[in-house]
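Student: Here it is, the structure, as structure tokens.
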Amino acid sequence: AASPPRPVSIEELMETAKGVTNMALAHEIVVNGDFQIKPAELPEHSLEKKVRDIVHKAFWDCLEAQLKEDPPTYDHAIKLLGEIKENLLSFLLPGHTRLRSQITEVLDLDLIKQEAENGALDISKLVEFVIGMMGTLCAPARDEEIKKLKEINEIVPLFRAIFSVLDLMKMDMANFAVSSIRPKLMQQSAEYERRKFQEFLEKQPNSLDLVTRWLQEAADDLATLRCKTLPAHCSGDGATGGASALRSTAVQNQAYLKLLKWDHVNRPFPEVVLMDQTRFQEIQLELEQLVLIGTVLLVTFSAAGSALVDVPGFAEKIKTIVKVLLAGIVLNGPSHTEAGVVLSFNLKEALATVGEKVCAEVNSSLSQHGFTPFSAERETVLKGQIQAVASPENTICKLIDARIQKFLENYLASSHQKSLPALPGGLGPIQRELEEIAVKYVRLVNYNKMVFSPYYDAVLGKILTKE
């Protein structure tokens, strides 16, 4: 029997949470090629936004009041110039010696204070220098913002705009740093994530229970399939008797395929793929929609015969119609049991509209290319076939789904090869979309394998050798 988990202190939990947060950030940077730091935006009517706006308004009102005094008071303005100076210096690289000297010389706060005390401070000239230096240091994407700064004549709005653009420049710098460290991080992240997960595992010893169950189910699935195809190799108890002949890689691949049919509502996700649950869920939804698109296309081409197969752009038009009208509506699967009835109703309604639009497009294309348009009877048949896609037992739908799963299975099994596996029949019209999803999916799987392979090997070592 497993020993009970030991008590964990608050300090240990906090330390673990921090480690997991850092690990999740590193993982996001590595896995998501489009990862970018974005400015935080407070909800429009939130208390935080109201407080921030009030404080900011009070600060800028105070600055404006000081500058309108006779003679003007420059205390706030000089502090802002000091902050601007620090921001500009932070953008410089070690080799920017000349620019560093220029900024230090022109924005010499002691000299600026003396000029202010003697009534000789030209604030406009200093701001002009700042804008010019920002234009030198900013990314090309910010040129338009710099141009707008030059069009602002009042000092207070100009200061506000300068700080707004400086924030954007800091964000650009951070994103440049992220893209620069990604190759190096890729090399080290697998080891880093594995080490952090091990620390978490030591504090929570039962943290592989879900993984064990997940891999055991995958092994049972494969063993059952093996018993169906090779009955002589199985003992009386079926799946267990066939499990010993399974390979670890095949079981892992089957386990990852199971993630594409996961019941996210009612079942916890395995621990080692938890950080990527959202990604796997998105891929699952994309595949479910692709099954619908592929089924409608197959039904449509079957009804139209060879007339429209080679018509340029026809398949893309049908795909666009289906994507737009079925956006957000997916097949009734285990991941959507909560709203199954609603989804079923919405899907039927949407497919009725799809049928109308598809028939109109088919007749239009047939007429344009010299073919006879569909009769009312053929239209009714095609609409009925499209609406029948809403049924979970629809034969064509299940066929398309099975072939997509087979393609992904083959891709996982040959992911070390550069070329994609052969495409099963009937998937030609959705080949591009399927390959895009497959590449994204397999990249995610391979990275997860690289990180957690020692844990998979340990768990599967027990599963595949037990009687």
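The values are calculated or read from the model by the stated rules, or taken from the named source; none is laboratory data. This structure is a prediction, so every number in the text was calculated from the model and none was measured. Ideal geometry is used to build each Cβ from the backbone, glycine not excepted, and the neighbour counts take in all protein chains shown. The protein model used for the area step is the full one, side chains on, heavy atoms only, and it has no ligands, DNA or RNA in it. Shrake-Rupley method; radii C 1.70, N 1.55, O 1.52, S 1.80 Å.
Student: Regarding residue 250, is this residue modelled with pLDDT under 85, surrounded by fewer than 20 Cβ atoms within 10 Å (Cβ to Cβ) and either assigned to a loop (DSSP other than H, G, I, E, B) or touching a helix residue (DSSP H, G or I) at 6+ places or on another chain (Cβ under 9 Å) (or both)?
Tutor: no
Student: Which ones in the range 306-322 are hydroxyl-bearing (Ser, Thr, Tyr) and outside any loop (DSSP other than H, G, I, E, B)?
Tutor: Result: 320, single match.
Student: Go through the range 79-97 and report how many residues are open to solvent by less than 60 Å² (accessible area, probe 1.4 Å), in contact (Cβ under 8 Å) with a residue 24 or more places away in the chain and either farther than 23 Å from residue 59 by Cα or of a type in the set (Gly, Ala, Ser) (or both).
Tutor: 3
Student: Being aliphatic (A, V, I, L, M), free of Cβ contacts under 8 Å to residues at least 24 places away in the same chain, in contact with a Lys or Arg (Cβ under 8 Å, 6 or more places away or on another chain) and over 30 Å from residue 272 (Cβ atoms): is that true of residue 42 here?
Tutor: yes
Student: Could you please give the count of residues in the range 98-156 that are among the β-branched types (Val, Ile, Thr), open to solvent by 40 Å² or more (accessible area, probe 1.4 Å) and in a helix (DSSP H, G or I)?
Tutor: Selection size over the range 98-156: 3.
Student: If you don't mind, another one. Report those helices (runs of 4 or more DSSP H) wholly inside the range 361-467 carrying at least 1 residues which are within 30 Å of residue 208 (Cα to Cα).
Tutor: Result: 395-413, 431-463.
Student: Hey, does the range 428-442 have a residue that's free of Cβ contacts under 8 Å to residues at least 12 places away in the same chain, surrounded by 17 or more Cβ atoms within 10 Å (Cβ to Cβ) and of a type outside the set (Asp, Glu)?
Tutor: No.
Student: Could you say whether any residue in the range 131-149 is at pLDDT 90 or above and more than 38 Å from the chain's Cα centre (by Cα)?
Tutor: no
Student: Would you please name the residue that is nearest to residue 107 (Cα to Cα), looking only at residues in the range 33-78 that are surrounded by 12 or more Cβ atoms within 10 Å (Cβ to Cβ) and of a type in the set (Ser, Thr, Tyr)?
Tutor: 74
Student: So is residue 311 touching a His at 6+ places or on another chain (Cβ under 8 Å), on the phi < 0 side of the Ramachandran plot, open to solvent by less than 30 Å² (accessible area, probe 1.4 Å) and in contact (Cβ under 8 Å) with a residue 24 or more places away in the chain or not?
Tutor: The answer is yes for residue 311.
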